[in-house]
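Notes follow the structure.
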Amino acid sequence: MPIMRLFAVLIICSLAFSQPLMAKEIVIKFSHVTTEKTPKGKAAKYLQELVTQRLKGKVRVDVYPNSQLYNDKEVLKALLLGDIQLAAPSLSKFGKYTKKWGLFDLPFLFKDADAVACFTNGAKGQALLGAASDKGLKGLGYWLNGMKQLSANKPLITPDNAKGEKFRIMSSDVLEAQFKAVGANPQKMSFSEVYNALSTGVIDGQENTWSNIRTKKFFEVQSDFTESNHGVLEYVLVTSTEFWNSLPKDIQTELSAIIKEVTLKETQWALEAARADKEFIIASGRTNIHSLTDAQAAQWVAAMKPVWKQFEDNVGADNIKAVLQCSQVNVVSNERE
Ligand code: LMR
């Protein structure tokens, strides 16, 4: 065999044999429901960026925002089937998998974002991250969105104003009880359907954060918002236990470090969005924004707080107690108020 042909054969053979030895790139599909401009949307992109920087050739993250791939109803099933590998749904959407995360929906339990950070970073919060592990869901970290506000096409100043109004809620029994407690009519609905349902009058009102209200344009189809801060919208970055366990140890370690870094940024973005998006909505002049006096706020608390007792066994009295302790502490300044 002429020498050149022999070389060519040798090269082809060595390529053919080396191919199976090269590890295949791991693809992580990350599906979520908000726009890329939200804290979650930015964090998902940042996660993708850091993985590209640090695990190039080994791991790749593909991000699908805005319910492009799956909506609320489908995303967790897709995760468990292995069709996607990452999601960050609100903790309100896991009722089928664990009742414990209903804690985050209890009205007026978390005083503010500081209280949320204090609880989620503490021992009880960290233990709670594993609440759905027996269902094959592994919590990798908590991501903040912010405090929720109420809206309708009428002012909601006292709980009486909400009577008979149809409010969209996430798929949470606690949120259902919260609205029933004020005589309203809660309707479970996917996030991707809310704008249309509001604009066509299928529902009268909703609750969400300033970030979601701005980026999904709810403020354009609701005449009145109440700055109620009555609950928190908190996410869990979640994967399937099966997928996580299939990853090599060094990849798990690097991914965990990246997630820690992204989580810190995500919190910052959420705090900024809560301020900036509220300002944007006020400046738009498209809707009325009402603040509550202490006496009015106390009426909402009195009407909704009985929900805590109703769900205490599900969410754990010890967890409620831990959140209440956190509600006294200012984590940012580390001072008691
Ligand atoms: C909602 O359904 O209102 C939110 O959970 C959407 C989101 O992911 O912020």
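Being modelled with pLDDT of 95 or more, away from the ligand (no atom under 16 Å from the Cβ) and either more than 23 Å from residue 298 (Cβ to Cβ) or not in a helix (DSSP H, G or I) (or both) narrows it down to one residue among 150, 156, 198; which is it?
Sole residue among the options that is modelled with pLDDT of 95 or more, away from the ligand (no atom under 16 Å from the Cβ) and either more than 23 Å from residue 298 (Cβ to Cβ) or not in a helix (DSSP H, G or I) (or both): 156.
Residue-wise test of (1) in contact with a helix residue (DSSP H, G or I) (Cβ under 8 Å, 6 or more places away or on another chain); (2) within 16 Å of the ligand (Cβ to nearest atom); (3) in a loop (DSSP other than H, G, I, E, B); (4) of a type outside the set (Phe, Trp, Tyr).
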{"position": "203", "(1), (2), (3), (4)": "yes, yes, yes, yes"}
{"position": "206", "(1), (2), (3), (4)": "yes, yes, no, yes"}
{"position": "228", "(1), (2), (3), (4)": "yes, yes, no, yes"}
{"position": "253", "(1), (2), (3), (4)": "no, no, no, yes"}
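List the pairs whose first member sits in the range 30-47 and is polar (S, T, N, Q), whose second member is part of a loop (DSSP other than H, G, I, E, B) and away from the ligand (no atom under 11 Å from the Cβ), and whose Cβ atoms are under 9 Å apart, counting only residues at least 6 apart or on separate chains?
31/68; 31/69; 31/70; 31/83; 31/84
When you scan the range 285-299, do you find a residue that is surrounded by 12 or more Cβ atoms within 10 Å (Cβ to Cβ), among the β-branched types (Val, Ile, Thr) and part of a helix (DSSP H, G or I), even just one?
no
Can you find, within the range 67-106, the residue that is farthest from residue 47 (Cα to Cα) among those that are within 15 Å of the ligand (Cβ to nearest atom), without any contact (Cβ under 8 Å) to a residue 40 or more places away in the chain and surrounded by fewer than 20 Cβ atoms within 10 Å (Cβ to Cβ)?
In this case the residue turns out to be 74.
Condition check ((1) charged (D, E, K, R); (2) touching a strand residue (DSSP E or B) at 6+ places or on another chain (Cβ under 6 Å); (3) on the phi < 0 side of the Ramachandran plot) across all residues:
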residue: 77; (1), (2), (3): yes, no, yes
residue: 101; (1), (2), (3): no, no, yes
residue: 107; (1), (2), (3): no, yes, yes
residue: 118; (1), (2), (3): no, yes, yes
residue: 130; (1), (2), (3): no, no, yes
residue: 150; (1), (2), (3): no, yes, yes
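Working carefully through the options 63, 75, 116, find the one that is within 24 Å of residue 306 (Cα to Cα) and of a type in the set (Val, Ile, Thr).
The conditions single out 116.
The values are calculated or read from the model by the stated rules, or taken from the named source; none is laboratory data. All values derive from a computational prediction rather than experimental measurement. For neighbour counting, all protein chains shown are included, and Cβ atoms are generated from backbone atoms with ideal geometry for every residue, glycine included.
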